[in-house]
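Structure record follows, encoded as structure tokens.
The values are calculated or read from the model by the stated rules, or taken from the named source; none is laboratory data. Just so you know, these numbers come straight off a predicted model, no measurement behind them. Please note: Cβ atoms are built from the backbone with ideal geometry, for glycine as well, and neighbour counts cover all protein chains shown.
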Amino acid sequence: MFSDIKSALSNTLYKKAQQTLSTSFSSRCFVCQMPLDEWSHVKGLCQCCYKDLPSYHERTGCLLNYYDIRAGLNRPNWQHQLALAEYKWPFNQLISQFKYQNHYASGTLLTTLLKEKIQLELQQQPHLKPDVLIPVPLHPIKYLWRGFNQAQLISEQLSASLTITQDVTSLKRTRLRLAQAGKTRIARLKKDINTFKFTPKCANANYQHVAVIDDVITTGATAQQITRVLHQAGVKTVSIWTLAITPA
Ligand SMILES: [Zn+2]
């Protein structure tokens, strides 16, 4: 029933989001609001802000090998982690614009930067190229409320530019996550068990390596649950690709 409602009410919104994603660029820098000049390595950023971006350029390979990243995660069970940046300014501002203010062009900008980082990583380590991209799904009710899934928009863009298949139907979120405020950490983790269900829709889907796409990783609890169901289904390697991550 949820899928019927979703397709009836939200398909238009999703298409509109995709359309806007590719077309809505203002003439001002998304970070400093100064008018954009001819320079446009990345649409939406002026040259100064691009040069000032804090990034993980000095961090190569899997982020799980870095102490402050690993220490900030709740027992990571996935094999590889890649993020564009730390969850701090200006990335937190751009992600907030993307998720909560329907400023899809900010999402495009961030995904373009993430794609460049992934391409660099795959050039150096081609064996890390996954078979498929799977965005973290929203619960149908939350999808209806928000009108789009930010992880799916990121995944859609990465799939097209990296020519890696995307699967948006096999992984479902079966529980609606209610407000977590006031709950202990143990209660939160307990409540989150069995939130996801993985049922490959395609009979030929025999994924060995899946890259799960999300916008932000904080404790890693969601990534941990998804990795568990993917491993149970026979997936050998799980990579988590995100726009931002919160170190310890
Ligand atoms: Zn700027």
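Points worth noting:
- Filter pass, residue 92 being modelled with pLDDT of 75 or more, within 30 Å of residue 208 (Cα to Cα) and away from the ligand (no atom under 11 Å from the Cβ): no
- Considering the conditions (1) in contact with a Leu (Cβ under 9 Å, 6 or more places away or on another chain); (2) modelled with pLDDT of 95 or more; (3) of a type outside the set (A, V, I, L, M, F, W, C), residue 220 is excluded by exactly one of them, (2).
- Residues in segment 117-155 that are of a type in the set (D, E, K, R) and under 15 Å from the mean Cα position of the chain (by Cα): 117 alone.
- Condition broken by residue 54, with the remaining ones in (1) out of contact with any strand residue (DSSP E or B) (no Cβ under 6 Å at 6 or more places or on another chain); (2) surrounded by 12 or more Cβ atoms within 10 Å (Cβ to Cβ) satisfied: (2)
- Restricting attention to segment 169-193, the residues that are assigned to a loop (DSSP other than H, G, I, E, B), modelled with pLDDT of 90 or more and under 26 Å from residue 74 (Cβ atoms) total 1.
- Residue within segment 98-107 that is charged (D, E, K, R) and either within 16 Å of the ligand (Cβ to nearest atom) or at pLDDT 90 or above (or both) present: no
- Considering residues of segment 26-45 that are within 24 Å of residue 121 (Cβ to Cβ) and modelled with pLDDT of 85 or more only, the residue nearest to the ligand (Cβ to nearest atom): 45
- Selection within segment 150-168 - under 15 Å from residue 129 (Cα atoms) and either acidic (Asp, Glu) or in a helix (DSSP H, G or I) (or both): 155, 158, 159, 160, 161, 162
- Whichever residue in segment 135-148 is touching a strand residue (DSSP E or B) at 6+ places or on another chain (Cβ under 7 Å) and in contact (Cβ under 8 Å) with a residue 40 or more places away in the chain and, among such residues, is surrounded by the fewest Cβ atoms within 10 Å (Cβ to Cβ): 137
- Subset tally (residues that are out of contact with any His (no Cβ under 9 Å at 6 or more places or on another chain), closer than 17 Å to residue 117 by Cα, of a type outside the set (Lys, Arg) and within 16 Å of the ligand (Cβ to nearest atom)) for segment 46-84: 4
- Just one of the listed residues (120, 113, 82, 73) is at pLDDT 90 or above, within 26 Å of residue 247 (Cβ to Cβ) and touching a helix residue (DSSP H, G or I) at 6+ places or on another chain (Cβ under 7 Å), namely 82.
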